[in-house]
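Structure first, then comments.
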Amino acid sequence: MQNREIFEAACAKFKQCYGRDPVIVAYAPGRVEVIGNHTDYNEGLVLSAAINNGTFFAVAPATGTTCRLTAGDLMHEVRFEVGAPEPVRTDTWANYCMGVLAGLLQRGKFAHGFDALFFGNIPLGSGLSSSAALEISTALALARLYNIKADPLSLARIGQQAEHKFAGVKCGLLDQISSLFGRAGMLVQTDFRSLEVGHAPLGSDAVLLICNTHAKHALVDGEYNQRRADCEAAAEFFRQRLPHPVTALRDVSWAEWEEHHSGLDDRIARRAAHPIGENERVAKGAELLAKGDLEGFGRVMFLSHESSQRYFENSCEELDHVVETARGVAGVLGARLSGGGFGGSVVVLVRAADAEAAAGALAAGYAARYGKPCDVLVIHPSDGASIVKEP
Ligand code: GLA
């Protein structure tokens, strides 16, 4: 099992809180978006990976209808009734679990509550999707507790609904699918139109680094939802303009964008350019990767970052600084912001032999500019979510 120490700590904390052992424990990893930025809700393509950090959700049935939920890092508990979870404004971490419970309640009636505790090792706000790891570990554990049959895509949707309805972020399905479908040594290759999920080996010549800048810029969630609304407005424009059916920006080619974008409001045109170009980059990147052309793949990653800067404006000074530094570091093949943007992390593709030196150079470059290093982690693409303890 991955992260055995974290699992043991989660079980020990559970016992400390509730005076007994958990009956079910589920694990779900975070994810890194390797290429395919804001393409998921535009029904496009993404290459991602589940990472070797994640969250454990430990649970045991209660006799009454009250649920007790403890955040293992804070050792702080919230209580709610099993039948009617509602979004909360304080202890907002509980929204991810309560949102998942609300989704599962649409598939069954739960006569009893539970005692639960979650604990993990994904740095918060790093762009590695600690929230999806919490949703998916909760979903797996509670589905098992209440004997709800749900396939992985249904669990992913339940996690996404928790984000939409309880956290207020209109995200796509990337984070939840990556957490569920991860495979050791492999990238997860998803088509967000058909929801077909495949796997592509990264190979042993290169590794991924994650550079967490800890930057978090204001209005993150509002900005995310605004980007999504802009993409939908652009899709509506192209639906009127193009002779073929358009249900999402996935249906618009770069050539079509170039021909028609002057008819759009300038901001909407720029927003649309990013997922349209990005979708073509993911397709190209997947081909290059399949041929073993890591240099080519890395170049496409750099282009993805430039598109974020120029068109989607979801980068920030700290992320740009890391990407620029990476361009000059020996062995680095590509770098780009990963995830929603507006702060968080940069993902770097680097030759395996140079990974350690590159990590040091990136952290030092950041420290020279900002007075403190960014955190650099080597990512090992890992297996997806699973139940790790059951009766
Ligand atoms: C966040 C969202 C995902 C996806 C990425 C950007 O991680 O949760 O659904 O849109 O941003 O690609």
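Odds and ends about this structure:
- Output for segment 286-314, where each listed residue is within 12 Å of Arg336 (Cα to Cα) and either acidic (Asp, Glu) or touching a Phe, Trp or Tyr at 6+ places or on another chain (Cβ under 8 Å) (or both): Glu306, Asn314
- Hits in segment 186-200 (condition: open to solvent by less than 40 Å² (accessible area, probe 1.4 Å) and touching a Pro at 6+ places or on another chain (Cβ under 9 Å)): Leu187, Val188
- Residues in segment 357-380 that are open to solvent by 20 Å² or more (accessible area, probe 1.4 Å), of a type outside the set (Gly, Ala, Ser) and either in contact (Cβ under 8 Å) with a residue 12 or more places away in the chain or not assigned by TED's automatic domain parsing to the domain that holds Val300 (or both): Arg369, Tyr370, Asp375, Val376, Leu377, Val378, His380.
- Subset of segment 239-258 (residues that are touching a residue at least 24 places away in the same chain (Cβ under 8 Å) and open to solvent by less than 30 Å² (accessible area, probe 1.4 Å)): Ala248, Leu249, Val252
- In segment 363-381, the residues that are more than 18 Å from Arg351 (Cβ to Cβ) and in a strand (DSSP E or B): Asp375
- Residue within segment 259-272 that is open to solvent by 10 Å² or more (accessible area, probe 1.4 Å), within 16 Å of the ligand (Cβ to nearest atom) and farther than 25 Å from Gly125 by Cα present: no
- Of the residues making up segment 54-65, those that are surrounded by 24 or more Cβ atoms within 10 Å (Cβ to Cβ) and not aromatic (Phe, Trp, Tyr) are Gly54, Thr55, Ala58, Val59.
- Residue, nearest to the ligand (Cβ to nearest atom), within segment 158-185, restricted to residues that are more than 29 Å from Val207 (Cβ to Cβ) and surrounded by fewer than 19 Cβ atoms within 10 Å (Cβ to Cβ): Val169
The values are calculated or read from the model by the stated rules, or taken from the named source; none is laboratory data. Keep in mind the model is a prediction, meaning the values are calculated, not measured. Cβ: placed from backbone, ideal geometry, glycine included. Neighbour counts: every protein chain shown. Keep in mind that these areas ignore ligands, DNA and RNA; they rest on the heavy atoms of the full protein, side chains included. Shrake-Rupley method; radii C 1.70, N 1.55, O 1.52, S 1.80 Å.
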